[in-house]
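Okay, so here's the structure we're looking at.
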Amino acid sequence: MTTADLTNPPVLVGYDDSRPGRSALELAAAEAAARSLPLCLVYRRDPMAWTHPTSMAPYPASFWHSANDDEQAAQAAAAAVRQRFPEVAVWLRATQSSLPQALAGAAPSAAMLVVGGTDRRLALPSRRAAGVRLARRAGRPVLAANAAVPSVAPGDRRGPVVVAAAGSRVPGPALSFAFEEAAAYGVDVLACRVWQDRDSADAFSGAVRRVAQDHPQVAVRQVTLGDADQAAHVPVLADARLMVLDGPQSRWSPSWPVPRELLRDWHRPIATVPS
């Protein structure tokens, strides 16, 4: 581990030995490799417990073997990442808190947070809402993974990074993050306007052009969608590697300002960027 690895903000991932947890780790490792950042793997480990406060007799050895499973799984997962991405520095952090609580607490020193998705049938609103809540608490971009995650291998996937905006709000931080992601992976940006009026559409287009000037190596296209369009069924969106969304202002509308219909059946990673 070099000095740069210690000073650069890491990609922070919440890991458990489940399919969503493994998907989150794969996405986080790809992000760390693409952005030349270290990776911090946060896993939960239960605290030591005793059978009785007066006897202080520990649980039998079989219990401790089970309690250490998470640590062993995390060590094995970290070793697999190091083997696949030898250029990425990986370290582990154990917590006795819940993973969302631990990630939010460690967020100030991180570049971004990565969490696992949920069951396919519950991809929305739970996956989107979880990212919104954590992004609001952490103040950092939160990527919610799913079973299908992007690869950094050249030529594997050339799908664009999609950034979507609806209504009159111009998602400045989300636009910047989308262009950074596209530059890291060497892909295009697809900027989507959803049911905007003319003035809002012009403001969004102007913001896209301004951010694009800072990333001349990234090609950008703009499209307009209707409020009933679904990303999974729009050919230009279906093969995208990532959807970047602005963090909602309203705590009661986790999918706002992007219509729920756009995200219905969307199973690629979703990034929520706080304003």
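Charge tally for residue 100 (other residues, Cβ to Cβ under 11 Å; Lys, Arg +1; Asp, Glu -1): +3. The figure for residue 91 is an accessible area of roughly 60 square angstrom, using a 1.4 Å probe on the protein chains alone. Send over the Kirkwood Rh of the stretch 179-220, from the inverse of the averaged 1/r over different Cα pairs, rounded to one decimal Å. Roughly 10.9 Å, rounded to one decimal.
The values are calculated or read from the model by the stated rules, or taken from the named source; none is laboratory data. All values reported here derive from a predicted model rather than from experimental measurement. Cβ atoms come from the backbone with ideal geometry, glycine included; neighbour counts cover every protein chain shown. SASA here: full protein model, heavy atoms, side chains in, ligands and nucleic acids out. Shrake-Rupley method; radii C 1.70, N 1.55, O 1.52, S 1.80 Å.
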